[in-house]
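Let me begin by presenting the structure, written as structure tokens, before commenting on it.
Any read-out appearing in this document is the output of simple, stated calculations on the displayed coordinates, not a laboratory observation. Predicted model, so just to flag it, every value in this text is computed and none were measured. Methodologically, a virtual Cβ is constructed for each residue, glycine included, from the backbone with ideal geometry; neighbour enumeration extends over all protein chains shown.
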Amino acid sequence: MSGSKNSIPHLTSERLLIKGGRVVNDDQSFYADVYIEDGLIKQVGENLVVPGGVKVIEANGRMVIPGGIDVNTCLMKSYLGTQPVDDFFQGTKAALAGGTTMIIDHVAPQPGDSLLEAFERWQEAADKKACCDYSLHVDIPQWNENVKDELELLVQDKGINSFQVYMAYKDVYQMTDSELYEAFSFLKQLGAVVLVHAENGDLIAQEQRKILGMGITGPEGHPLSRPEELEAEAVFRAITLGNRVNCPVYITKVMSKSAADTITQARRKGSVVFGEPITASLATDGSHYWSKNWAKAAAYVTSPPLSPDQTTPDHLHTLLACGDLQVVGSSHCAYSTSQKAIGKDDFTLIPEGINGVEERMGFVWDKAVTMGKMDENQFVAVTSTNAAKIFNLYPRKGRIAVGSDADIVIWDPDSVKTITAKLQQSAAEYNIFEGLECRGGPVLVLSQGQVVYEEGKLHAQQGTGRFIPRKPFPDYAYQRVKFRNQVKRKQGVTRGIYDGPVYDVAPTPKYITPSPSAKTSPTSHQPPPIRNLHQSNFSLSGAQIDDNIPRRSGHRIVAPPGGRSNITSLG
Amino acid sequence: MSFQGKKSSARHAGDRLIIKGGKIVNDDQSFYADIYVEDGTIKQIGENLIVPSGVKTVDAYGQLVIPGGIDANTNLYSPQKGLNPADDFYQGTRAALSGGTTTIMDHVLVEPGTSLLTAFDQWKDAAEQRACCDFSLHVDITRWHEGLYEELETLVKDKGVNSFLFFMAYKDKYQSSDSQLYEAFSVLRDLGAIAQVHAENGDIIDEEQKKLLCLGITGPEGHVISHSEEVETEAVYRAITIAKQSNCPLYVTKVMSKSAADVIAKARKKGMVVYGEPITAGLATDGSHYWSKDWAIAAAFVTSPPLNPDPSTPQYLTSLLACGDLQVTSSAQASFSTAQKAVGKDNFTLIPEGTNGIEERMSVVWDRAVATGMMDENEFVAVTSTNAAKLFSMYPRKGRIAVGSDADIVIWNPKETRIISANTHNLNLEVNIFEGLEFRGVASVVISGGRVLLEDGKLNVTEGSGRFIPRKAFPDIVYKRIKARSKMAEAHGVPRGNYDGPVHDVISMTKSVPPTPTTRGPPCPKTLTGPRNLHQSGFTLAGAQIDDHIPRRSAQRIVAPPGGRSNITSLS
């Protein structure tokens, strides 16, 4: 062991042998030992020949799985200038304690910010603080020409291949369908995956106004103003746009049954669309928004909201198990109660975000695998492998194989713990899963070949996480798209040139008056002088009816004396 | 009886008729009875009627006696791109009558910025002068704003209009945003009107059109490629969502594709108050003709949403119509001559949109649905007449053969057939999109307002004899459920004590929400490193924000203050 264990963050020289475990990948499970050196998996098999003095970890027949990948965290997303209480250090610590060895965080610039600058800010912060490997999505807060250059740079030089667009947050982040179409087209050319926050922002704004108008200001106004139909509608629209542009679409935060069903149906029809339920939507429901305790109700505020329908988690697990939904995220974004209280008199001001990075793997095991919905391989797929494939991290992440990163978890399916804010790693003082029991959890977590969590104790080191760049055109999302590009090439009909009569179009602008804001003009009863206008319209209509005389001559031309021209003949 | 001598004073009821020996078919039952008509209304129904002498007898032995058809969607007067339709109220209603339709509902297209009432009056005047059958009007609102409320109220309460159409397509021209639709729907619900939508995603269409023109595709096939089925389906889905949120009844005009129809059917299964209207063209033909080598033929099919290239579409729509998932058939008649269509000969986006179908509608439904065994004769009456009458508040005056109803009666001969041709149809159009198709089921006698207008193959109409049929708000079939739901839907807040815990100080409220999204500079405090470029300054800035967590931590500590936690914030 060349144990140069100094303060250099990336200690990758430890040699480890995991003995006697059952390796579980997304495709198969088998008994094998795993030998790790320099942070990589060097050998997988039985009776491995390894150097002497290697640290041996006895797995005792327990499952050895690829470390989890949490594809949706917001550890630095500020709200009105306040930062989440879980930063990259706290957040990744919590991730590791739950068996997640990699996160993909959202870079969330404000409208007007430079995407590159924001990206660099995030990267610097994460490099200093993260305890596990990370990668970054970049959110596009508004669409314009300037963004394009930055996107190109981010994809080609910075290793970003996924960008989020918003269909909600009217007048802030929301894009129109035209902008979405352009954004999709552009991102497709770059080979990026489009993440969509799918909710109909126009209708939400209307509903919020209505509900505030009714005097409802508490957190229950949040789900009331964001009913699940608005989520499902936006999902449907996003998929339609994706189909038209022929671009892969990834729906972040699938929170309701109808949104999930929409994705399912689209996949049945062949759309390249992926859906991501999150810890919260898989483990709890939206009934808590009606809690009498304001702090508790506010803790659940996230968008799209948790569905008040209590059968939602079960339904989402079923779809996850059968492959209709693919990836489990957490959307971890923790704000303290005092931060949430910014919206104590107006639910629209409550900062949105919930915890879940630590509990993610446990709840999928508890609610899907132990219930018999899902097998252990599918468990690995939805918590790790699928994400790695979609975001082009595979097989470096998401698989136990020779050459892959040594991000490994020894999973104990039988451990039981009760979730409570007192015992969590997150700094949030409220845990939305408080009191829930969860079967299954990590016994030991390896990140980059280092033991970072063992039997309840964290040995995480701030700043050891590396930025993992990702290449564009992930096969998993783009192979089909590429073929469709070739097949769907559009072709016109070759015809002779139309040589029949052409109606003369009089200049039209007659009807179009410039200002729609002039509220006075369209009102009903005008005094006589203006009445003239109406009158002239009438005579005008008479004139229009007489117009059919020239049309008739036009009509006759169709069979002109010289015989019909072939091109206009009928039938 | 002679009708030639009719005075031009448009409407007077005089004819007394007895229709003998036919089988009366309403939407709920069929039975054999004679009908006595006087003063334009049905006076008696039954056998062995006692009627005055000298009454004209119409023989209906072996045929069906059905309520005259109602065509719920025509555009006989609305110009497109400055072009007036080739068939106006006279030609259009004449064709309608010849096909067995005795009432049309025309769309008043109000150009952005003009007055709804003015346009309405203009349409009504034109129709009163020219129409040969009764008519009613929908009003199309092309630019929604709050200021329209008064006019809408007048139209609904005084003018007899209870249906308004909004466009989700025609970007930058007629298109309404989701917010506008929501506001408009909310207003319509309060007024008791029905919201109609032209459902297509205009944003996507606009982008696709640009793309296609760039690719050099300029012919009519570009129309169908840019108006793909998905774009229609998406908009239908969205319209239903908006209607659901605003609790307003919704009527989707021109359902042209299988998937759009499916969305409506599914929404109805979930209890939504939504209605779907397939049109003659969608039930009888498909979109393969857009690829015709003959430009004039391809262009004749241009309408929006377009006919679907999937050849199984007509049959599918017909079966949904038969099972009640779609409710009303119309024609969406809007005829433009080949010369007019040729305005878009080099650019498909300029082709005026519209197909014929006003004359063929009833025959198409009979042939495709009843003659094939999908639908019975009662359902036929429902989808061609009764449902529209109910939805649009004309029932039972229209849409039913009953004592007191208008004498709009058609004697339908299910055995006869006819072959459609532009040479024999009653329109000015020189291309008929159904050219050469043969349909079973023909109207042999048409009675409108108690007068026999079609008999022995002779059409005998009077220009200007059509009356405007005003319609009341809050049609029962639609609004009973809506009213009940309005009562149910009251949301209630949770009564809580006041939150008395700590509140994070938002100093930078104004800072991080930049008022103008156009400024591209970073919204956070600016660094002083002048000559360095912007990218570099981002680094130092990030450092500053990370240090920010120190004040935050102190705020966090307050949550468990020395005096004990306040109850309301405690974590149960």
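Listing B:M374, A:M361 from fewest to most neighbouring C-beta atoms within 10 Å gives B:M374, A:M361.
For the range B:277-284, putting each phi into the Karplus relation 6.51 cos²θ - 1.76 cosθ + 1.60 with θ = phi - 60° gives couplings of 10, x, 10, 3, 4, x, 8, 10 Hz, in residue order, rounded to whole numbers and with x for Gly and Pro. Which of the pairs B:K124/B:K157; B:K157/B:K254; A:K490/B:K211; B:K244/B:K270; B:K20/B:K43 have their Cα atoms more than 19 Å apart in this structure? Pairs exceeding the cut-off: B:K157/B:K254. Note on the range B:87-237: with charges restricted to the Cβ of Lys and Arg (+1) and Asp and Glu (-1), its dipole about the Cα centre is near 340 debye.
Count Lys and Arg as plus one, Asp and Glu as minus one, and take only other residues whose Cβ is under 10 Å from that of B:A491; the net charge is then -2. Shown here for the range A:434-488: GluC sites (Glu not before Pro) in loop regions (DSSP other than H, G, I, E, B) with at most 12 other Cβ atoms within 10 Å, namely A:E455.
For the cross-link pairs A:K482/B:K293; A:K389/A:K488; B:K81/B:K173, the ones whose C-alpha atoms lie over 23 Å apart are A:K482/B:K293; A:K389/A:K488. Per q in 0.14, 0.18, 0.26 1/Å, what log10 I(q)/I(0) does a Debye calculation on the alpha-carbon atoms of the range A:278-370 return? With one equal scatterer per Cα and no solvent, log10 I(q)/I(0) is -0.51, -0.80, -1.35. In sequence order, the range A:404-414 has phi-based couplings of 6, 4, 7, 9, 10, 10, 9, 9, 9, x, 9 Hz under the Karplus curve 6.51 cos²θ - 1.76 cosθ + 1.60, θ = phi - 60°, and Gly or Pro positions carry x. Close amide-amide hydrogen proximity is noted between B:E277 and B:V252, B:K254, B:V255, each under 5 Å apart and 5 or more residues distant or on a separate chain (H modeled in the peptide plane; Pro and chain starts excluded). Which trypsin sites (Lys or Arg not before Pro) from the range B:193-292 combine a DSSP loop assignment with at most 13 other Cβ atoms within 10 Å? In loop regions of the range B:193-292 (DSSP not H, G, I, E or B), the sparsely surrounded trypsin sites (Lys or Arg not before Pro) are B:K270. Helices that extend 18 Å or more along their long axis by alpha-carbon positions and average at least -1.0 on the Kyte-Doolittle scale are, among the DSSP H runs of chain B, B:116-130, B:178-191, B:202-215, B:229-246, B:476-488, B:534-547.
Ranking A:S256, A:A232, A:I211 by Cα position along the charge dipole of the range A:128-264, where only Lys, Arg, Asp and Glu carry charges on their C-beta atoms, puts A:S256 farthest toward the positive end. Taking amide H positions as modeled 1.01 Å from N, with prolines and chain starts lacking one, the residues under 5 Å from B:I194 and 5 or more places away or on another chain are B:S163, B:F164. Basic side chains Lys and Arg get +1 at the Cβ, acidic Asp and Glu get -1 at the Cβ, and with that the dipole of the range B:360-503 about its Cα centre reaches some 860 debye.
The ranking of A:R62, B:R361 by Cβ neighbour count inside 10 Å, starting from the fewest, reads A:R62, B:R361. Straight-line reach from A:K340: taking Cα to Cα under 20 Å and skipping same-chain neighbours fewer than 8 places apart, the aspartates and glutamates in range are A:D86, A:D87, A:E220, A:D285, A:E352, A:E429, A:E434, B:D500, B:D505, B:D548. Relative to the dominant Cα principal axis of chain A, helix A:115-129 is inclined by about 10°. Projecting the Cα atoms of B:A300, B:V381, B:A284 onto the charge dipole of the range B:261-415 (Cβ charges, centred on the Cα centre) puts B:V381 farthest toward the positive pole. Centre-to-centre separation between the Cα atoms of the range A:40-66 and those of the range B:429-449: 82 Å. Look at the stretch B:336-346: the mean tally of other chain Cβ atoms within 10 Å of its residues' Cβ atoms is 6. Under the simplified labelling scheme, the A:Y31-A:T348 pair shows an inter-label distance of 6.3 nm, with each label point 7 Å from Cα along Cα→Cβ.
Sequentially through the range B:134-140, phi angles give Karplus couplings (6.51, -1.76, 1.60; θ = phi - 60°) of 4, 9, 9, 10, 9, 10, 8 Hz, Gly and Pro residues having no value and appearing as x. Loop-located chymotrypsin sites (Phe, Trp or Tyr not before Pro) in the range B:13-122 (DSSP state not H, G, I, E or B) with no more than 14 neighbouring Cβ atoms inside 10 Å: B:Y61. Shielding by partners for peptide A:289-299, expressed as the average number of C-beta atoms from other protein chains within 10 Å of each residue's C-beta, is 5. In this simple spin-label approximation, A:K488 and A:N144 carry label points 7 Å from Cα along the Cα→Cβ vector, and these lie 3.0 nm apart.
For chain B, excluding the exposed loop sites themselves (GluC sites (Glu not before Pro), DSSP loop, at most 13 other Cβ atoms within 10 Å), the longest remaining stretch covers B:48-489. A viscosity of 1.567 mPa s and a temperature of 4 °C, combined with the Kirkwood radius over Cα pairs in Stokes-Einstein, give a translational diffusion coefficient for chain A of 49 µm²/s. Using only the C-alpha atoms, the convex hull of the protein assembly as shown corresponds to 193 Å³ per residue.
FRET efficiency for the B:S421 to A:D499 pair, using the beta carbon distance and R₀ = 25 Å, is estimated at 0.55.
Projecting the Cα atoms of B:G344, B:G192, B:G46 onto the dipole axis of chain B, where Lys and Arg carry +1 and Asp and Glu carry -1 at the beta carbon, places B:G192 farthest toward the positive end.
Dividing the summed -39500 (n - 2.57) terms of all DSSP H runs of n ≥ 4 by the residue count of chain B sets its mean residue ellipticity at 222 nm at -9000 deg cm²/dmol.
Using only side-chain charges placed at the Cβ, +1 for Lys and Arg and -1 for Asp and Glu, the dipole size of the range A:56-151 relative to its Cα centre rounds to 400 debye.
Of interest is the spacing of the C-alpha centroids, which for the range A:170-189 and the range B:82-98 amounts to 43 Å.
With the helix formula -39500 (n - 2.57) applied to DSSP H stretches of n ≥ 4, chain A reaches a computed 222 nm mean residue ellipticity of -9500 deg cm²/dmol.
Taking amide H positions as modeled 1.01 Å from N, with prolines and chain starts lacking one, the residues under 5 Å from B:E416 and 5 or more places away or on another chain are B:G441, B:V442. Note on A:K42: lysines with a C-alpha under 19 Å away, same-chain residues under 8 apart excluded, are A:K19, A:K55, A:K397.
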